[in-house]
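As structure tokens, the structure follows; a few thoughts come after it.
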Amino acid sequence: MTLQNKYWLAGLLGSSGIALSSLVPGGPIEIRDFSHINPLTLGVFNTFLTTLCLGSLLLIYFVLKSERWAIFMASVCGLSYLGVYGLDLAVIFPVSPDAMPPALLAIEIFGTILAFPLILLPIQMLPNLTAATVATAPSLHSEQPTACQLPQMAIATSVGIIALGIIIFATYSAMGL
């Protein structure tokens, strides 16, 4: 794996995550009404979208560390972006009685185009990774002090709270509340 590929992949993840996150219902771009869709369905869909956005942004760190699982997950994210944009552009889900705003259409086309290299680049990179870059899970008797785990837990909790806020806001906005 070349250093350049790693940075390209990180850039694709970042661009894709930011592009999709700009489309949060109730924001400046996604202004369509989805109040006719079951709130539970909207909540599940918004949970998936939020996980995809935040997950993509968090994956950047691990891609830059050349973690094999992160490289693989980047391709899974690419497939997810392609599916999300494809379903909306094909007017399959979510369907709204409102027309798609031009800015939304442009970002979805851009996101679809980004999805293809995001799918293919990790597939190209994976065979070139050495076994030394594969991360091992820490054992239960890790020698790492628990004080070092506190910042990680705080970050995870913060990301979870932010994600929950985004999901609630997006779901209520999509319902027109």
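Annotations for the structure displayed:
So that you can scan it fast, the table gives a plain yes or no per residue for (1) farther than 23 Å from PRO28 by Cα; (2) at pLDDT below 95; (3) in a loop (DSSP other than H, G, I, E, B); (4) open to solvent by 40 Å² or more (accessible area, probe 1.4 Å):
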| site | (1), (2), (3), (4) |
| --- | --- |
| VAL76 | yes, no, no, yes |
| LEU79 | yes, no, no, yes |
| VAL84 | no, no, no, no |
| PRO94 | no, yes, yes, no |
| PRO117 | yes, no, no, yes |
| LEU126 | yes, yes, no, no |
| PRO138 | yes, yes, yes, yes |
| CYS148 | yes, yes, no, yes |
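- Of all the criteria given as (1) out of contact with any Pro (no Cβ under 6 Å at 6 or more places or on another chain); (2) over 13 Å from PRO122 (Cα atoms); (3) buried (at least 16 other Cβ atoms within 10 Å of the Cβ), the one not satisfied by SER66 is (2).
- Of residues in region 96-115 being closer than 13 Å to LEU23 by Cα and assigned to a loop (DSSP other than H, G, I, E, B), the one most open to solvent (accessible area, probe 1.4 Å): MET100
- Residue check, GLY26 surrounded by 15 or more Cβ atoms within 10 Å (Cβ to Cβ), touching a residue at least 60 places away in the same chain (Cβ under 8 Å), more than 11 Å from the chain's Cα centre (by Cα) and at positive phi: yes
- LEU42 meets the stated requirement of being of a type in the set (A, V, I, L, M) and open to solvent by less than 30 Å² (accessible area, probe 1.4 Å).
The values are calculated or read from the model by the stated rules, or taken from the named source; none is laboratory data. No experiment lies behind these values; they were computed from the predicted model shown. Note that each Cβ is placed from the backbone with ideal geometry, even for glycine, and that neighbours are counted across all protein chains shown. Keep in mind that these areas ignore ligands, DNA and RNA; they rest on the heavy atoms of the full protein, side chains included. Shrake-Rupley method; radii C 1.70, N 1.55, O 1.52, S 1.80 Å.
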